[in-house]
Amino acid sequence: MSAPVPGMLAHWLTECADQGVFTTDLDLRVTSWNTWLERYTGRSADSVVGRPLVELYPELAERHLDLLYRDALGGHGSIVSTALHRYLLPIEDGSPDSEPSQRARIVPAIVNGELVGTVTVIDDVSERVAAERQLRRQVLIEHEARTRQALLLKLTDALLTGRHDEASLGRLVFETIGPALDADFGFNYRLDQTSRMLTLVASIGVPPTLRDGVTQLALDQAFCGAVAASEQPLMADTECINTDPRGKFVRSFGVSAYACHPLRSPNGGVLGTLSFGSTRRGHFSDEDVAFLQTVSHFVALAWERRRVQEALESSEERFRTVANAAPAIVYVCSPGGEITFVNEKWFEFAGPAGDAVFGNGWAGFIHPDDLGPVAAQWAHCCATGEPFDGEVRYRRADGAYRWHMFRVLPERATDGSIRAWYGCSVDAHEAKLAEEALRATARQKDEFIALLAHELRNPLAPIRSSMGVMRARSTGDEVVDRCREIVDRQVAQMSRLLDDLLDVSRLSRGKLTLKPETVRLSDVIETAVETAHPLIDGRGHTLHVVGSDRTIVLDADKARLTQVFANLLNNAAKYTEPGGRIDLVVQRVESGVNVTVRDTGMGIEADLRPRIFEMFSQARHARDTSGGGLGIGLALAQRLVEMHDGTIDVQSQGPGHGSEFIVHLPVTAVPHATESARPQLSRETAGLVRRRVLVADDNADAADTLAMFLEDLGCDVRTVYDGNAALAEAERFRPELMLLDLGMPGLNGQAVCHRVRGESWGADAVIVAITGWGQEADRRRTKIAGFDYHLVKPVEPDVLVQLVRSKHREVSGLR
Amino acid sequence: MVILSDERRDAVTELLNIGFGRAAASLSALTNARVELLVPEVQMCRIEELGAVLRPHVSGEIASVHQVFSGPVAGDALLVLDRSSAEILSQLLTDEILLPLAVDISAREVIAEVGNILLNACLGVFGNLLHVQVTFAVPSVTLDALEAVVSSLVIGSEELSHAIVVHAEFRLKDSGVTGYLVMVLGVSSIERLMAGIDTWMGEQQRS
């Protein structure tokens, strides 16, 4: 039966169509087979026409495609899609690559409204399918890339926060990315840096019973050991796993693809390994390997991060423990000064309310009187980075304020900026109170000493004056004269001791000030020698003064410096057996002058030398030999020398070998050529001077003896015993010189002076204050009241002589 | 106005279920995968209402397999799937990586084949019922908006037409995809079909 198709169309379908076309009859025997099919299938039309289709292509039945022909005979058209069937007709050219991609339509052949068979049209769509396949591959790659990206994102949180420990992180990594790589096995090892052994921290797929065999690996043992040793990644395909002896273990699980990466520390070296095995793949693709490398980097970072975090936490924990163990309040502040941490000790102290200390709440715990200065200093330290320390009162839980000593130091970052402040406060309440009590006691003692010295000096004034009178009226009785001389000397000594005592008390109260002027060292030494002479002579010593010339000039308080050398000389005299030798040697040295006082006395033991200048540190056995002293002379000397920017040293070869005190003083000025030598005054050279003198003192003894002394000098003296009498007598008598005690009943000395100065006749009188008080403030007061001079009791007879002799008010060294 | 009574609806459902069974068997055989088609749900509407009936179920761009059938009963048969359902169905059947349907000719062919099998089975059942030979053109697949597909059907119909809408749920590989079978029939075809159904119901009751 021929194809019932018009001739031209039949010809085109047979010879020209770019499709395969064949027809069958109702028995599904092939009735036509076009040229395209001959070429395509390699079967000629002659060889197929007339034969049943299923006989030619038995596999059509196997693939149930014969059903479509039955449908066609039932009047239904069918589609054979490439995607579901690949092809309709196989090509039997034996080439495995030539499996065609076909699309076919099978329709009933209807001629004149009557079904006569089937028509099959086949398109070869291999090219299209290849293009689609290419496209699908592309899509797959992109999809996998997106999948990996999504997996990494999913892991990012776990990998970067460092919250997971190694084991849980490993499991998470395996569970998350294993399925995407068909990896049913995973091993995560940590390399112990000391033992150089690998320890399994996480795994997947390994039965627990077999895990024991791989819990520990040596370097170079199995693939993971090799990777840890070489620090290089290792990929193994099926062949490698089957042939490499190191693949034995994973081979036993049926792993056919394996990838192992080292976990490289960001600081160099290997921390461990991360590996994946698949039983479903022959190898891992390049994309897989690159992905695993990235994952490994992230895991290594996570490990490192966790390590750092643990170190930090442990260091914080250590700090916390140490802070809580400290028996002091420990705190940490922000760079700006807000409290961020306090230890338990604080809460023991402040109670639950101590919670309010954080931030700037600390201010609420500071004593209101302390807060201002403390806040200001703290702000200053925060701004400058200077350490912050001091004393402050904190409020305790019971509301009581307790003194604390504190110190706060900055911790600095590498760039020098302040990272935090660390502070510590120690309860110093008892110590502070004790110190205050001690200070108060010391103050009271000093005040008592000052008062004592003052009160002791009052009786000395009349004694001295009396001695002056007795000296002037010698009885010629040798015994009496000797007794008088002894009394004279002892009074002078007692007077000096009281002076020292007063000075020491002033020193310790910080009330001793220098009145520097330009002085000759020779004058100072001369005066000191004069002062010490009685004791030196008394003990039968010889004194040799060497090198004291008038060219050495100092900027010094003359009286004080004199005191220094007088003390040293007295000291030498005191601690040397009678008949000894004392040398005073002046030497110019670089930057100043050295004055050495050397004796042949008892010397000083070596262990005592460092303490010789301490107050009251008189040599123990010295008391027996020297006959007294308070042990304050050297201390006073040292303080006075230091106040003159000098130094004082002691040398001694030991007991019995004498002592040597060396005073070093800076020399500042050249001598003033115009300065005249101090007039040498003494009773012998004074002569008689007749002047009108008024003496006023409520201590009648003092007034009378002073008057007697002045009368001896030839003065016309009037004596009164209170202020009002003094004023009245002055009005009448018009004295040239007035000696007024300050502390008189009724009108005191200042008032008398003030009133006299207010009179026309009183302007030119020389008015002298005589008092037990010699402080600078006292002197200032008398000067304001109009006094010309301020003399401290007991008054030196020589000074009185000088006052009487001078016709003007310029008597040096008295003000 | 033809009314799809409950009895007729049950009868149509039962008949279509036979077609579904055959289609599922064919699909399973051809794809070597177990394909199930759940019991159809049937409703009938006038062609003008078709858009409103389908809109709640399919939206946006849809894939439709369109097959014209002719004979004593004639009309249009369509399988309508929304695009993602079409893509999923094709992927489930072929295991291929999905490309956008607009460029994936192979996937569209698969949808066409599936639609062809389902439509053939269902229309075949009706043909047998009416003892008429219904012949079908080879189907074509189009991607278009629902409105465009529906309006082309409305314009194409010359007489008052009705649409039988059948919910068809495919089940394979633990997944489900729902499509909609639409048969558009002129009044005469519908009346003939309903008469055939009434006869069949009578035969069923007698037997």
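The values are calculated or read from the model by the stated rules, or taken from the named source; none is laboratory data. As the structure is a computational prediction, the values presented were derived from the model and not from experiment. Virtual Cβ from ideal backbone geometry, glycine too; neighbours counted across all protein chains shown.
Assorted remarks:
- Residues of segment A:743-778 satisfying the condition of being within 26 Å of residue A:515 (Cα to Cα), among the small types (Gly, Ala, Ser) and part of a helix (DSSP H, G or I): A:749, A:777
- Filter result for residue B:144 (assigned to a strand (DSSP E or B), out of contact with any strand residue (DSSP E or B) (no Cβ under 6 Å at 6 or more places or on another chain) and surrounded by fewer than 23 Cβ atoms within 10 Å (Cβ to Cβ)): yes
- Positions within segment B:105-118 being more than 7 Å from chain A (Cβ to nearest Cβ) and touching a helix residue (DSSP H, G or I) at 6+ places or on another chain (Cβ under 6 Å), in sequence order: B:111, B:117, B:118
- Among the residues of segment A:61-70, just one is within 7 Å of another protein chain (Cβ to nearest Cβ) and either among the aliphatic types (A, V, I, L, M) or surrounded by 23 or more Cβ atoms within 10 Å (Cβ to Cβ) (or both), namely A:67.
- Every residue from segment A:779-791 that is of a type outside the set (Gly, Ala, Ser) and either assigned to a helix (DSSP H, G or I) or outside the structural domain of residue A:723 (by TED's automatic domain parsing) (or both): A:779, A:780, A:781, A:782, A:783, A:784
- Residue count for segment A:114-171, restricted to those that are aliphatic (A, V, I, L, M) and within 19 Å of residue A:186 (Cα to Cα): 7
- Counted residues, segment A:71-81 - those being within 11 Å of chain B (Cβ to nearest Cβ) and either under 14 Å from residue A:23 (Cα atoms) or not in a loop (DSSP other than H, G, I, E, B) (or both): 6
- Looking across A:144, A:127, one residue alone is more than 10 Å from every other protein chain (Cβ to nearest Cβ) and surrounded by fewer than 15 Cβ atoms within 10 Å (Cβ to Cβ). It is A:127.
- Which listed residue, of B:92, B:78, B:16, B:54, is buried (at least 16 other Cβ atoms within 10 Å of the Cβ), within 14 Å of chain A (Cβ to nearest Cβ) and among the aliphatic types (A, V, I, L, M): B:92
- Meets criteria (more than 14 Å from chain A (Cβ to nearest Cβ), within 20 Å of the chain's Cα centre (by Cα), not β-branched (Val, Ile, Thr) and not in a loop (DSSP other than H, G, I, E, B)) for residue B:179: yes
- Taking residues in segment A:274-297 that are under 16 Å from residue A:262 (Cβ atoms), and partners anywhere that are of a type in the set (S, T, N, Q), the pairs with Cβ atoms closer than 6 Å and at least 6 places apart or on different chains are A:274/A:188; A:274/A:296.
- Checking residue A:475 against (1) crowded, with 17+ Cβ neighbours inside 10 Å; (2) not in a helix (DSSP H, G or I), the condition it does not meet: (1)
- Among residues that are among the hydroxyl-bearing types (Ser, Thr, Tyr), touching a strand residue (DSSP E or B) at 6+ places or on another chain (Cβ under 8 Å) and touching a residue at least 60 places away in the same chain (Cβ under 8 Å), residue B:70 is included.
- Every residue from segment A:500-522 that is surrounded by 18 or more Cβ atoms within 10 Å (Cβ to Cβ) and charged (D, E, K, R): A:500, A:503, A:506, A:520
- When the test is whether a residue is in contact with a His (Cβ under 7 Å, 6 or more places away or on another chain), under 30 Å from residue A:86 (Cβ atoms) and either hydroxyl-bearing (Ser, Thr, Tyr) or within 13 Å of chain A (Cβ to nearest Cβ) (or both), residue B:29 passes it.
- Yes/no for residue A:322 being in the same structural domain as residue A:340 (by TED's automatic domain parsing), assigned to a helix (DSSP H, G or I) and among the β-branched types (Val, Ile, Thr): yes
- Every test in (1) touching a helix residue (DSSP H, G or I) at 6+ places or on another chain (Cβ under 9 Å); (2) within 7 Å of chain A (Cβ to nearest Cβ); (3) small (Gly, Ala, Ser) is passed by residue B:121 save one, and that test is (2).
- Criterion applied to A:135, A:84 was being surrounded by fewer than 18 Cβ atoms within 10 Å (Cβ to Cβ), free of Cβ contacts under 8 Å to residues at least 24 places away in the same chain and at the interface with chain B (Cβ under 9 Å from one of its Cβ atoms), and the one residue passing it is A:135.
- Restricting the search to strands (runs of 3 or more DSSP E) fully inside segment A:511-618 and requiring at least 1 residues that are in contact with a Phe, Trp or Tyr (Cβ under 7 Å, 6 or more places away or on another chain) and either in contact (Cβ under 8 Å) with a residue 40 or more places away in the chain or more than 28 Å from residue A:774 (Cβ to Cβ) (or both) gives A:592-599.
- Selection count, segment A:212-239, where residues are on the phi > 0 side of the Ramachandran plot and either in a helix (DSSP H, G or I) or at pLDDT 85 or above (or both): 2
- Among the residues listed as A:354, A:399, A:372, the single one being surrounded by fewer than 17 Cβ atoms within 10 Å (Cβ to Cβ) and in a helix (DSSP H, G or I): A:372
- Each residue in segment A:240-263 was checked for being in a strand (DSSP E or B) and within 58 Å of the chain's Cα centre (by Cα), and 6 of them qualify.
- Count - residues of segment A:792-815 that are surrounded by fewer than 19 Cβ atoms within 10 Å (Cβ to Cβ) and either at pLDDT 85 or above or not in a helix (DSSP H, G or I) (or both): 11
- Answer residue from segment A:411-443, given it is hydrophobic (A, V, I, L, M, F, W, C) and assigned to a strand (DSSP E or B) and is farthest from residue A:350 (Cα to Cα) among those: A:418
- Verdict on residue A:47 being without any contact (Cβ under 8 Å) to a residue 12 or more places away in the chain and not β-branched (Val, Ile, Thr): yes
- Residue B:137 being at the interface with chain A (Cβ under 8 Å from one of its Cβ atoms) and either touching a strand residue (DSSP E or B) at 6+ places or on another chain (Cβ under 8 Å) or without any contact (Cβ under 8 Å) to a residue 24 or more places away in the chain (or both): yes
- Screening residue B:22 against (1) away from chain A (no Cβ under 11 Å); (2) surrounded by 15 or more Cβ atoms within 10 Å (Cβ to Cβ); (3) under 23 Å from residue B:194 (Cα atoms) leaves a single unmet condition, (1).
- Test result for residue A:186, in a helix (DSSP H, G or I), closer than 28 Å to residue A:244 by Cβ and either at pLDDT below 85 or in the same structural domain as residue A:277 (by TED's automatic domain parsing) (or both): no
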